[in-house]
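Here is the structure we will look at.
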Amino acid sequence: MKIGARTFKTSIAVFLALSIPSLLGMYEAASLAGISVVASMQPSVKKSYLTLRDRLVANSIGGLVAVIMATGFGTSFINISFATAILIALLHQIKLNNVIGLSTMTLIIIMLSTDGDIMSNAIIRVSATFIGVVVAFLVNRLIIPPNYEEKLFHTTNQVTDDLTRFIRVNLRKNSQYSLMRTDLQSIEQSITEMKRLHSFLLDGEWHTFGQKKEQSFKRLLVIYRQFIRTTESAYFLVQTLHESENVYNHFPDKLRILLRERLETLMSAHEQIILKWNGRILPEEVNFIAYKSDLRKTFMRSFFTEASLESYLENDYGQSNTVIHLMSAVLKYEEELQHLNKLVSSFKTNHPDNHSKVRSLH
């Protein structure tokens, strides 16, 4: 069993949300404050702020609807259900669908309350939900704020290590088809996680920066998006190598050596770009990605020659197309690496004092 930072923060927030109403004498509303804080904890600071804003508005509307319906029509079960329908329709109309649950819960609790007048009950219980959402926001903002950049970097580094290892395994014909298929599914899930972390990083900074810092952060987001695209191109290359296993095994030795040497160069570049981003290599390094003109021509000519063999063309062009797909995957990986290297070098040169939160690997 693992207790992460978000679980720890939620427990602190629940304690505070239960304690504050009790200290204010609102004992009957403490449970609603606790429920509100759990429902309002979000994975990023920006999402917490948006939830705070939306829930304050929605719960105020819920309390108002509860008072009007209870005062004008009573608190029978039919009236409560009708009031719930009205509240949901209102929140849907002003596009607050994401906070309908807690607001309707607040309305139902207010209308079912029997102690005191309806207005006092509404004020107390709406205030309790306010306490809950405010506590959730402050705890998420001030206590162990999430560092999704560091998580994204380490995930990127781990996925890159796995992909380069799988590429080398396929090039040396050491892979087992069924096991590699499982490994590729795992890599695909990791790439999905990278995209999720990037979306959280995008939401992570909600307050206004100075112009220089804001530009630095926007460029940082662009670089991480390019890291993901480069990882996806490496994944596509591994997948293509895996699916082209039979055709690759029949390549002439010269072409296999040529492909292996080129991919070793690209994989080394990928690994060193990550080290550059981590501050372990100078910005001007990793300049050997681009092929010399004559070597590039040799590489492409060899593939086209292989693809045009008569033995391939007799097989409904399938194997010929596979050769072209493999070359395209290599060139796509190279293209994404070149763009990533350019972005990282530019960022490290022009933003030496950037606010990146990545710590060096040990």
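The values are calculated or read from the model by the stated rules, or taken from the named source; none is laboratory data. Note that the coordinates shown come from a computational prediction; the quantities given were computed from them, not determined experimentally. Every residue, glycine as well, gets a Cβ built from its backbone with ideal geometry; the counts of neighbours run over all protein chains shown. Protein only, heavy atoms only, side chains kept; ligands, DNA and RNA dropped before computing areas. Shrake-Rupley method; radii C 1.70, N 1.55, O 1.52, S 1.80 Å.
Taking the condition open to solvent by less than 10 Å² (accessible area, probe 1.4 Å) and under 26 Å from Tyr148 (Cβ atoms), does Ala17 pass? So Ala17 fits the description; yes. Would it be correct to say that Lys151 is under 29 Å from Ala13 (Cβ atoms), of a type in the set (Lys, Arg) and either touching a helix residue (DSSP H, G or I) at 6+ places or on another chain (Cβ under 8 Å) or part of a helix (DSSP H, G or I) (or both)? In short, yes. Residues in region 158-172 that are at pLDDT below 90 and among the β-branched types (Val, Ile, Thr) were compared, and the one that is most open to solvent (accessible area, probe 1.4 Å) is Val169. Kindly check whether there is at least one residue in region 119-128 that is surrounded by 21 or more Cβ atoms within 10 Å (Cβ to Cβ), closer than 23 Å to Ile61 by Cβ and not aliphatic (A, V, I, L, M). Within region 119-128, one or more residues are surrounded by 21 or more Cβ atoms within 10 Å (Cβ to Cβ), closer than 23 Å to Ile61 by Cβ and not aliphatic (A, V, I, L, M). Scan region 192-203 and report the pairs whose first residue is closer than 12 Å to Phe227 by Cα and whose second residue is among the polar types (S, T, N, Q), with Cβ atoms within less than 6 Å and a gap of 6+ or a chain change. Partner pairs satisfying both residue conditions: Met194/Thr155. Within region 90-119, residues that are among the aromatic types (Phe, Trp, Tyr) reach no partner that is in a helix (DSSP H, G or I) with beta carbons closer than 6 Å at six or more positions or on different chains.
Applying the criterion of being without any contact (Cβ under 8 Å) to a residue 40 or more places away in the chain and of a type in the set (A, V, I, L, M) to the residues of region 241-281, the residue that is surrounded by the most Cβ atoms within 10 Å (Cβ to Cβ) is Ile281. For Phe73, indicate whether it is out of contact with any Phe, Trp or Tyr (no Cβ under 7 Å at 6 or more places or on another chain) and open to solvent by 30 Å² or more (accessible area, probe 1.4 Å). Answer is yes for this residue.
Within region 66-95, the set of residues being of a type in the set (Gly, Ala, Ser), under 14 Å from Leu107 (Cβ atoms) and out of contact with any helix residue (DSSP H, G or I) (no Cβ under 8 Å at 6 or more places or on another chain) comprises Ser81, Ala85, Ala89.
Based on what the data block shows, is Val57 open to solvent by less than 40 Å² (accessible area, probe 1.4 Å) and out of contact with any strand residue (DSSP E or B) (no Cβ under 7 Å at 6 or more places or on another chain)? No.
Counting the residues of region 300-319 that are assigned to a helix (DSSP H, G or I) and either modelled with pLDDT under 75 or among the hydrophobic types (A, V, I, L, M, F, W, C) (or both) gives 10.
Answer with yes or no whether Gly34 is part of a loop (DSSP other than H, G, I, E, B), over 18 Å from Pro146 (Cβ atoms) and open to solvent by less than 60 Å² (accessible area, probe 1.4 Å). So that I can check it myself, show each step before the final result.
Values: part of a loop (DSSP other than H, G, I, E, B): no; over 18 Å from Pro146 (Cβ atoms): yes; open to solvent by less than 60 Å² (accessible area, probe 1.4 Å): yes.
It is false that Gly34 is part of a loop (DSSP other than H, G, I, E, B), over 18 Å from Pro146 (Cβ atoms) and open to solvent by less than 60 Å² (accessible area, probe 1.4 Å).
A single entry from Ile35, Ile118, Ile109, Ile124 fulfils the requirement of being touching a Pro at 6+ places or on another chain (Cβ under 9 Å) and either closer than 23 Å to Ile143 by Cβ or not aromatic (Phe, Trp, Tyr) (or both): Ile124. Out of Thr155, Thr192, which single residue is modelled with pLDDT of 90 or more, loosely packed, with under 13 Cβ neighbours inside 10 Å and of a type in the set (S, T, N, Q)? Among Thr155, Thr192, only Thr192 is modelled with pLDDT of 90 or more, loosely packed, with under 13 Cβ neighbours inside 10 Å and of a type in the set (S, T, N, Q). Checking Thr84 against (1) of a type in the set (Val, Ile, Thr); (2) touching a residue at least 40 places away in the same chain (Cβ under 8 Å); (3) crowded, with 21+ Cβ neighbours inside 10 Å, which test does it fail? Every listed condition holds for Thr84 apart from (2).
Residues in region 16-34 that are free of Cβ contacts under 8 Å to residues at least 24 places away in the same chain and touching a Gly at 6+ places or on another chain (Cβ under 9 Å): Leu18 alone.
Take Val139 and tell me if it is assigned to a helix (DSSP H, G or I), in contact (Cβ under 8 Å) with a residue 24 or more places away in the chain and open to solvent by 30 Å² or more (accessible area, probe 1.4 Å). Against the criterion (assigned to a helix (DSSP H, G or I), in contact (Cβ under 8 Å) with a residue 24 or more places away in the chain and open to solvent by 30 Å² or more (accessible area, probe 1.4 Å)), Val139 does not qualify. When we screen Lys332, Lys357 for residues that are modelled with pLDDT of 85 or more and of a type in the set (D, E, K, R), the only hit is Lys332.
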